[in-house]
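Data block below; observations after.
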Amino acid sequence: MADLSLSELAKEIFSGAGGMDNVQNVAHCMTRVRMTIRDDSKVDKAKLQKIPAVLGVVDDEQLQVIIGPGKVNKVAQKMADLAGVELGEDLPDPLIDGKKKVQARAEEMKATQKSKQKSSRMKRILKDISNIFVPMIPAFVGSGIVAGVASVLGNMVTAGTLDVTVWQQYIDVMNILRNGLFSYLVIYTGVNAARVFGANPTLGGVIGAVVTLTGMNPEAPLTNLFTGEPLTAGQGGILGVIFAVWLLSVVEKKLHQIVPDAIDIIITPTVSLIVVGLAEIFLIMPLAGFISNNMVSGINWVLNIGGAFAGFVLGVLFLPMVMFGLHQILTPIHIQMIDETGSTLLLPILAMAGAGQVGAALALWIRLRKDKELTEMIKGALPVGVLGIGEPLIYGITLPLGRPFITACIGGGIGGAVIGALGGVGAIAIGPSGAALIPLITSGHKWGYILGLLAAYAGGFVATFFFGIPKEKLVEEKSAEATTAVLSATTEVFSSVAKGSIHPLEESSDPVFAGKMMGDGYFIEPKNGKIYSPVKGTVSTIFPTKHAIGITTESGLEVLLHMGINTVELEGKPFEIHVQEGQALQNDTLLADVDLVAIKQAGKGTSMMVMVTNMDQVSSHTLEKSGEVSSGVEVMKVTTI
């Protein structure tokens, strides 16, 4: 089926989600369209999964349709445009008007309570963490790559390869661009956290900025209440900021309830900043600093001591964490490690999990090459998998098959073991993974990371090739090979699908059919609308617009009957179909009654095209009739390879 346009794809997703009226809002992350659904019972996951370009569907607190990077933002924006709202803004609910408001509000409260009952506290926390950091990922990627380039150029200047007088200014500019994010990361975190927790975003940014201790007298610094030592700027980092902004949301909401409206604009922000700011400086910063320092040093200690074993365990477990959404909690840990040590040793190891997926997918491609649907999905998902976007491979290929998901995890563990054994392989920024992470690996360790990637590719490939192919898929593959063997000695007889004049396909008025872009065969200019099956076989597809029927013969030939030219635009109105998918056919089985007059009145052609679409399985074909023919007579023979 041809690729859908963005508008068509957006409409299909809305339809599978239960209609536009059933979608409360639309947003997206790097790979998924995320929808908040009003009535889960109206969602048709099977329909969503059949949409071309959809790589998978996850139904959690939000309905998540996996599209893949680069395209997902365009699809989500098109859905918002169709709904007439801004991206992320609630769609209008047509059920809410007049007397229905109270009832709708009651239903909303009921749904909210039900959602809270179904959703664990941990899931809500992970979702909040994800919502804080996902909008910042493009900035992390861009700033990280700029920092990586600046680091490489700086090393070349130090080594004397580049002239310092020429290149130092460029390096300074890149460092300024990098610091635009990392120097003020606590402020961006505060703003996003406030949006997530329902506080004022600007106040959240101010609470984030408190961590920088701007304005403190360096000669008489504030002291840590627990140790008596001077407080240092950035102590507690983003972990402290997130907790402080959550506290801000609690205080601010409470004040809005008790402060009179006339003075709310003055009292609420002032009291909120004083209360939360004091708590942040004297309690949260020292405690969060203690936690983050020990957490970072603890992780580094485990990696240094555990070596290959620690790397293997982390590499194996990361994909299950991604599957359950638990990986989002690692984002602030990575950022804290970068802030304190200049790099995160954890990210390169975890990135091996995606490389294991790539190796597993390659093995599936080779072992199950007869499965065209699977191989097409792999071809589409592999390029982004190599670049570190593993969700299409996870949700579209390995996880549904079961075994390959486990062997892919083993491949990730092997790559993690290599990284852990080498030690010191860190990333200076977060965001990308896979091969795209190479520019962000610390100087002197890029080849170590590449070696880990290759080990994960190989590990995932070998484990899947020998142990990860599902038994039922192997049976299907053998069956497909047997079918190919049958094809070598088969000649299929094609009959006329209607009474009329028969013509070779190249005489068609449609250049697509005349050019045999979809296959070769014949067409009939019919004299009546009784359309019969051209071959003995099984109905494999009936197009939604009823204008085309796919048939698979016993020998494996794929035959397409296309009724009329450009009749897809008639939305099925002239066609009455008499068969259903999966039904066995004989050459004289009546497939459809077609209203030829309606087609002509719509300005469309009435040619009945019959094509073999898998011509790679055909050694020869001969059209044996010309001129006027009756329905059901032998008109063509096709010999398979």
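We did not get these values from a lab; they are worked out from the coordinates using the rules stated. Remember, it's a predicted structure, so these values are computed and weren't measured experimentally. So basically every Cβ, Gly included, is an ideal-geometry build from the backbone, and we count neighbours across all protein chains shown.
Put simply, the amide H of GLN583, placed in the peptide plane, has neighbours under 5 Å in VAL539, leaving out anything fewer than 5 places away on its chain.
Amide H contacts of VAL259 (H built 1.01 Å from N, in plane; Pro and chain starts excluded): no residue 5 or more places away or on another chain comes under 5 Å. Extending 7 Å from Cα along the Cβ direction at LEU451 and again at MET518 yields two label points whose distance is 5.5 nm. For a label point 7 Å from the Cα of GLU554 along Cα→C-beta, name the residues of the stretch 571-585 whose backbone N is under 19 Å from it. Residues 582-585 qualify, since their backbone N sits under 19 Å from the label point. For the stretch 343-475, the fraction of C-alpha pairs more than 17 angstrom apart is 52%.
Ranked by the mean number of other Cβ atoms within 10 Å of their residues, highest first, the peptides 605-612, 210-217 fall in the order 605-612, 210-217. The phi-based Karplus calculation (6.51 cos²θ - 1.76 cosθ + 1.60; θ = phi - 60°) puts the 3J(HN,Hα) values of the stretch 500-516 at x, 9, 9, 9, x, 4, 5, 8, 5, 6, 8, x, 5, 6, 4, x, 6 Hz, whole numbers, x for Gly and Pro. Between VAL164 and GLU571, what is the label-point separation in nm under the 7 Å Cα-to-beta-carbon projection? For GLU571 paired with VAL164, the spin-label model returns 7.3 nm.
Using θ = phi - 60° in the Karplus curve 6.51 cos²θ - 1.76 cosθ + 1.60, the 3J(HN,Hα) couplings for the stretch 244-256 round to 5, 5, 4, 4, 4, 4, 5, 5, 4, 4, 5, 5, 4 Hz; x is entered for Gly and Pro.
With K and R counted +1 and D and E -1, the other residues having a Cβ less than 13 Å from that of GLY632 yield a net charge of +2.
What per residue convex hull volume, in Å³, do the alpha-carbon atoms of the chain yield?
Numbers: hull volume 141.1 nm³, N = 641.
Each residue corresponds to 220 Å³ of Cα convex hull volume.
If you take the alpha carbon atoms of the stretch 135-301 and fit the smallest convex hull around them, that volume is 166 Å³ per residue.
Please state the charge dipole magnitude for the chain, taken about the Cα centre, from unit charges on C-beta atoms (+1 on K and R, -1 on D and E), reported in debye and rounded to the nearest 20.
Details: 48 positive and 56 negative charges, 213 e Å.
Its charge dipole is roughly 1020 debye.
Counting other C-beta atoms within 10 Å, which of VAL425, VAL313 has the fewest, and how do the rest follow?
Details: VAL425 27, VAL313 17.
Fewest to most other Cβ atoms nearby, the residues stand as VAL313, VAL425.
Packing order of peptides 536-544, 196-204, 167-175, highest average first: 196-204, 536-544, 167-175 (average count of other Cβ atoms within 10 Å over each peptide's residues). Close amide-amide hydrogen proximity is noted between ASN25 and THR36, LEU91, each under 5 Å apart and 5 or more residues distant or on a separate chain (H modeled in the peptide plane; Pro and chain starts excluded). Near HIS562: Cβ cut-off under 14 Å, other residues only, Lys/Arg at +1 and Asp/Glu at -1. The net charge is -2. Residues in the stretch 364-369 carry Karplus couplings, in order, of 4, 4, 6, 6, 10, 5 Hz; the curve used is 6.51 cos²θ - 1.76 cosθ + 1.60 with θ = phi - 60°, and Gly or Pro positions show x. The charge dipole of the stretch 343-475, taken about the Cα centre with unit charges on the Cβ atoms of Lys, Arg (+1) and Asp, Glu (-1), comes to about 300 debye, rounded to the nearest 20.
Treating r as the C-beta distance of VAL271 and GLU229 and R0 as 35 Å, the FRET efficiency rounds to 0.75.
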